[in-house]
Each structure stands twice: as structure tokens, then as C-alpha cells.
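Asks: Here's a structure for you.
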Amino acid sequence: MVSQSSTVGYTIMGKTADLTVVQKSTIDTLHKEGKTQKVIAKEAGCSQSSVSKHINREAKGRKRCGRKKCTSNRDNRTLERTVKQNPFKNVGEVHKEWTAAGVSASRTTMHRRMQDMGFSCRIPCVKPLLNNRQRQKHLASKRTRLLLSGPRLCSLMKVNFAFPLEIRVPESGGREERHTIHVA
């Protein structure tokens with residue numbers, strides 16, 4: 001019979017103390033020999049329920065709960081290496097390189113892994129910053145500024161406008177004065 005220390009097995013607020021290493025090894029060897037849980041409990045000097053719990057935990061093994069990770073540690077290291085080599089690339093470009101390396105993970109997963117590693121990475125805008133209408137207004141305002149600054153500046157910047165340009169200048173009386181400039 002295996003000796004038991006005096007502190008093991010007492011109850012503290014409804015919880016029993018954990019099994020010692022000696023008790024665990026005794027339970028394992030006796031279980032392999034084919035002894036019953038009742039006999040093992042007497043030999044190890046602990047309760048039958050603790051023997052049962054120990055045997056069931058060892059037999060089943062603990063599996064991780066939740067969803068499996070789609071990237072391995074090796075994949076994460078390749079991602080880290082590519083990000084360190086190209087620190088100024090955006091998420092889309094890095095994702096293309098990562099998938100070319102043989103990893104099948106989404107761009108969102110890759111972005112999350114990069115953030116977990118401590119890298120600040122940017123996602124490029126999907127749409128352009130200006131639509132066509134805004135771009136036309138922007139170009140028109142640029143043209144008026146160039147024309148108002150003088151024809152010499154236009155020739156220096158090599159800007160050629162071959163269309164009439166209408167400029168509205170507000171006056172003090174609340175009226176607008178329209179000027180049409182023909183530039184060739």
C-alpha cells in the first residue's frame with residue numbers, strides 16, 4: 001500500500017484536494033493491471049470518484065473546444081516574414097503573396113493574424129475616393145485656378161484647354177457676373 005501524506009484528501013469548502021503525483025501514478029499502474037476502481041481507491045488512499053475522474057480524463061484526453069484554426073504556426077511565420085520584408089504593402093497585396101505561398105485563408109483572417117502579431121496594416125479603399133462627377137468638378141476648379149493665375153503659368157505647366165470656360169464672379173449687389181474665356 002502506498003503511503004499518503006496527512007494533508008491530501010481533506011475537504012476545504014466542499015472541494016477535495018488534488019491527487020498527488022504518487023497517487024496518480026498508482027492509479028495508472030493499477031488500472032493497467034485491470035483492478036477495479038474500488039480496489040484502486042483503497043490502494044491509492046483516495047475516494048472512488050476521484051479515481052473514476054482521473055481514469056476518465058486520461059482515457060478520453062482533452063480536446064480543444066471551438067473551431068479549428070485554418071492557419072498553422074508555420075503559416076503564421078511565413079506571413080510574419082512576408083510582412084517584415086515588405087512593410088509598406090497593403091493587406092490585399094500581402095494576401096496575394098501569402099496565397100501564392102500555398103496558404104488558403106481569407107483576407108480577413110490574414111488581417112486578423114497581422115493585428116495579433118502587432119503589425120499595423122491598412123486595407124485599401126475598395127472604391128475610388130472621387131466618383132466621376134466629383135472628379136469633373138475638381139478638374140474644372142483646377143482649370144479655373146490655372147486660368148485665373150495667368151496664361152504664362154498655363155504654358156509653363158503645359159496644360160492645353162481647347163474648350164470655352166464659363167466663370168461666375170459674385171458682385172456686391174447679389175448678382176453674378178458671367179465671363180466666358182475661350183482657350184485654345
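The values are calculated or read from the model by the stated rules, or taken from the named source; none is laboratory data. Since this is a predicted model, take the numbers as computed values, not measurements. In this analysis, Cβ positions are derived from the backbone assuming ideal geometry, glycine residues included, and neighbour counts consider all displayed protein chains.
Asks: Mind listing whichever residues of segment 107-145 are in contact (Cβ under 8 Å) with a residue 12 or more places away in the chain, of a type in the set (Ser, Thr, Tyr) and closer than 30 Å to residue 68 by Cβ?
Replies: Of everything in segment 107-145, just one residue is in contact (Cβ under 8 Å) with a residue 12 or more places away in the chain, of a type in the set (Ser, Thr, Tyr) and closer than 30 Å to residue 68 by Cβ, namely 109.
Asks: Kindly provide the set of residues from segment 98-112 that are hydrophobic (A, V, I, L, M, F, W, C) and touching a helix residue (DSSP H, G or I) at 6+ places or on another chain (Cβ under 7 Å), ordered by number.
Replies: The answer is 98, 101, 103, 110.
Asks: Name the residues in segment 99-136 that are hydroxyl-bearing (Ser, Thr, Tyr), in a helix (DSSP H, G or I) and exposed (fewer than 14 other Cβ atoms within 10 Å of the Cβ), would you?
Replies: 108
Asks: Which ones in segment 92-138 are modelled with pLDDT of 85 or more, of a type in the set (A, V, I, L, M) and touching a His at 6+ places or on another chain (Cβ under 7 Å)?
Replies: Matches in segment 92-138: 110 only.
Asks: Which one of 76, 86, 56 is within 19 Å of residue 106 (Cα to Cα), modelled with pLDDT of 80 or more and polar (S, T, N, Q)?
Replies: Only one candidate passes the filter, namely 76.
Asks: So which of 96, 42, 89 is charged (D, E, K, R) and in a loop (DSSP other than H, G, I, E, B)?
Replies: Every option except 89 fails the conditions.
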